[in-house]
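The values are calculated or read from the model by the stated rules, or taken from the named source; none is laboratory data. What you see is a predicted model, and the numbers here were worked out from it, not measured in a lab. Cβ sites come from the backbone with ideal geometry, for glycine too, and all protein chains shown count toward neighbours. To get the accessible areas, we keep the full protein, side chains included, count just its heavy atoms, and leave off ligands, DNA and RNA. Shrake-Rupley method; radii C 1.70, N 1.55, O 1.52, S 1.80 Å.
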Amino acid sequence: QVQLVESGGGLVQAGGSLRLSCAASGIIYRVNAMGWYRQAPGKQRELVATISSGGITNDADSVKGRFTISRDNAKNTVDLQMNSLKPEDTAVYYCYCNAIGPPLWRGDDYWGQGTQVTVSS
C-alpha cells in the first residue's frame, strides 16, 4: 500500500502565496504520475496540475502562470507552489499519485487525505 501525506495548507489573503507538499511512502516499486487535484464546496474534484516521472507537467488553465508543480523522484515527493492566490482557489487540495507496488504490482491511483486552502478577499 502507498500512503500520501500532505502539508502546507492554510488561510491566506488574496494575492498571497502558499506551498503544498506531499510525500509518498510505503513499499513502492515505482511512482509514475504525481499531482494535485482540488474540490470546492458543491463542486466536483478537478485537476490542478500533474507531473510525470520525466518532469512533463499538465496544468489547469485556471492556474497557469500562478501555480508551479515540481517533484523529487528520489524522495517520492511532489510540491505545489501557489502564487497570486484568488478566492476562487479556495478548496480542499488532494495529493495524487499513480504507483506500482505490492500486492498487485500494477499502476494504481492513490490519494492523500486532503488539505484545506482558504483564500480571503
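Figures for the structure shown
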| item | result |
| --- | --- |
| Residue within segment 27-36 that is hydroxyl-bearing (Ser, Thr, Tyr) and under 19 Å from residue 117 (Cα atoms) present | no |
| Qualifying residues in segment 59-87 (those that are outside any strand (DSSP E or B), free of Cβ contacts under 8 Å to residues at least 40 places away in the same chain and of a type in the set (Gly, Ala, Ser)) - the one nearest to residue 16 (Cα to Cα) | 65 |
| Residues satisfying the stated conditions in segment 95-106, i.e. open to solvent by less than 40 Å² (accessible area, probe 1.4 Å) and part of a strand (DSSP E or B) | 95, 96, 97, 98, 99, 100, 101 |
| Residue within segment 12-25 that is more than 25 Å from residue 121 (Cα to Cα), at pLDDT below 95, part of a strand (DSSP E or B) and out of contact with any helix residue (DSSP H, G or I) (no Cβ under 6 Å at 6 or more places or on another chain) present | yes |
| Scan of segment 68-81 for residues that are over 11 Å from the mean Cα position of the chain (by Cα) and surrounded by 15 or more Cβ atoms within 10 Å (Cβ to Cβ), ordered by number | 76 |
| Subset of segment 89-121 [closer than 19 Å to residue 48 by Cα and touching a helix residue (DSSP H, G or I) at 6+ places or on another chain (Cβ under 6 Å)] | 119 |
| Tally of residues being open to solvent by less than 80 Å² (accessible area, probe 1.4 Å) and part of a strand (DSSP E or B) across segment 107-121 | 8 |
| Scan of segment 57-83 for residues that are in contact with a Phe, Trp or Tyr (Cβ under 9 Å, 6 or more places away or on another chain) and among the polar types (S, T, N, Q), ordered by number | 81, 83 |
| Tally, over segment 82-94, of residues that are open to solvent by less than 20 Å² (accessible area, probe 1.4 Å) and polar (S, T, N, Q) | 0 |
| Matching option when the condition is farther than 19 Å from residue 69 by Cβ and surrounded by 13 or more Cβ atoms within 10 Å (Cβ to Cβ), among 49, 33, 14 | 14 |
| Segment 32-58 residues that are assigned to a loop (DSSP other than H, G, I, E, B) and modelled with pLDDT of 95 or more, paired with ones that are hydroxyl-bearing (Ser, Thr, Tyr) and surrounded by 14 or more Cβ atoms within 10 Å (Cβ to Cβ) (beta carbon under 8 Å, 6 or more apart) | 40/90; 45/37; 45/94 |
